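Below is one structure, written out as structure tokens; the observations come after it.
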Amino acid sequence: MEILSVFPSKFQDILSANDTPSSVAKKELASLPIRNPVFVCVISYTATCEIPGITVAGANLESLKYTSPADAEFLHYGHCKCIDRVPVTPDGKPTPAIITRAALRLSNIPFFVVDAGSKIKPSIPHISFDIPSGKNIQFGNALDIDKVNQAFEYGIILGKQLGRTSSMVVIGESIPGGTTTALGVLTALGIDAKNKTSSSMPQNPHDLKNRTVSEGLKNANISFGSLRNDPLRAVSFLGDPMMPAVAGMVDGVLSSGSGDSHVMLAGGTQMAAILAILKSLGRSLERISVGTTVYVADDNSSNLTNLIKAISSEIGIYKLDPHLALSSHRGLRAFAKGFVKEGVGAGGLSIVAILKSNGQIDGRSLLKAVEQEYDTIMNRIR
């Protein structure tokens with residue numbers, strides 16, 4: 001059971017009827033440098049997630065601040081230390097980190113955690129960018145500009161080191177409310193993202209997101225596209241700390257001097273904001289791709305491909321079907337019904353893991369590994 005398909009640079013869907021990539025897709029996939037990949041998960045926080053109805057990333061308002069550090073701890077331990085429970089909703093829907101951890105264990109890809117504004121610090125060794133969490137973008141003052149610049153600078157420093165040691169740097173994120181801040185920054189940069197960003201819920205709260213961003217624009221005294229030439233300022237008004245950190249890391253990897261390092265942005269519509277920031281800064285978008293799950297790529301309530309196409313027609317978007325709809329567990333099948341969908345680098349990291357394995361990891365083995373992780377965490381609850 002093959003689980004990879006691809007939207008190449010012109011965004012046509014070339015997935016064949018028997019769920020295997022066409023020759024064009026295979027050629028594009030084969031061109032990715034996956035000799036020695038590394039995964040970096042950036043954890044962060046924005047008070048925007050506290051707006052009622054914006055996200056279901058946490059079981060309740062108080063738990064939202066633990067979402068990102070809990071994901072990071074789960075990747076390492078298979079359980080959490082910052083909270084006394086595993087990252088599963090009361091009705092059994094797990095964090096997407098369950099897919100990421102399964103792919104990491106199968107592939108042996110090394111990973112690092114970067115704290116870029118997480119409200120709670122994870123109880124694992126991690127790299128700290130020493131920046132505060134983001135404020136609610138409704139008020140048009142998400143971050144101090146000096147902290148945005150610091151996050152970007154630190155990202156460049158780390159990215160250069162990663163680019164010198166790894167041919168493929170996969171970057172994922174964990175930040176509740178991140179699709180709303182993505183909408184805010186994309187809007188300030190002149191990208192029409194209204195009703196195109198994804199959601200962790202089947203019923204995408206577009207009206208709430210749009211109102212939130214409109215209030216932020218008004219309070220910041222800016223308008224659609226008015227900061228298209230000042231993206232870091234756009235982040236300070238309407239973004240979150242993850243954005244400048246990841247944008248800086250990408251910039252650092254691609255300017256590291258190795259000449260062939262590639263970055264896969266592992267995530268959904270939030271990664272469109274990263275691409276827009278880099279383009280606005282005048283950076284080349286060559287050697288960057290986006291990897292996500294089919295739950296985001298094929299989501300009728302959002303439009304990842306058109307978002308990225310509005311930024312560049314040369315970005316390859318790779319999508320993975322973890323076939324969770326075939327799982328015997330209702331909590332995992334929920335992904336295919338519109339819940340959670342993506343996060344913690346799940347789609348992109350799994351794609352690179354499969355490519356690195358040279359056929360040793362396939363759809364069956366990945367699904368089995370995800371189900372094993374799920375069984376383990378559910379047994380802890382019982």
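Read-outs throughout are calculated quantities, based only on the coordinates presented, and are distinct from any laboratory measurement. This structure is a prediction, so every number in the text was calculated from the model and none was measured.
What shape does region 4-381 take by its C-alpha gyration tensor, where a ≥ b ≥ c are the square roots of the eigenvalues and a/c under 1.5 counts as rounded, a/b above b/c as prolate, and the rest as oblate? Don't jump to the answer; show the numbers that get you there.
Numbers: a/c = 1.34, a/b = 1.15, b/c = 1.17.
Rounded, because the longest to shortest axis ratio a/c is under 1.5.
Given axes a ≥ b ≥ c from the Cα gyration tensor, I'd like to know whether region 31-151 is rounded (a/c under 1.5), prolate (a/b larger than b/c) or oblate.
Working: a/c = 1.92, a/b = 1.22, b/c = 1.58.
Verdict is oblate for region 31-151.
What number, rounded to the nearest 500 deg cm²/dmol, is the helix-based mean residue ellipticity at 222 nm of the chain, given -39500 (n - 2.57) per DSSP H run of at least four residues and division by all its residues?
Numbers: 14 runs with 156 residues, N = 382.
About -12500 deg cm²/dmol.
Taking the chain as a Gaussian network of alpha-carbon nodes connected by springs under 10 Å, the highest mean-square fluctuation of the residues ALA310, ALA297, ALA266 belongs to ALA310. Here the chain carries DSSP beta bridges of which approximately 20% are antiparallel, counting only pairs with both residues inside. In terms of distances greater than 32 angstrom between alpha carbons, the cross-link table entries LYS121/LYS309; LYS119/LYS196; LYS147/LYS309; LYS309/LYS356; LYS209/LYS319; LYS93/LYS121 yield LYS121/LYS309.
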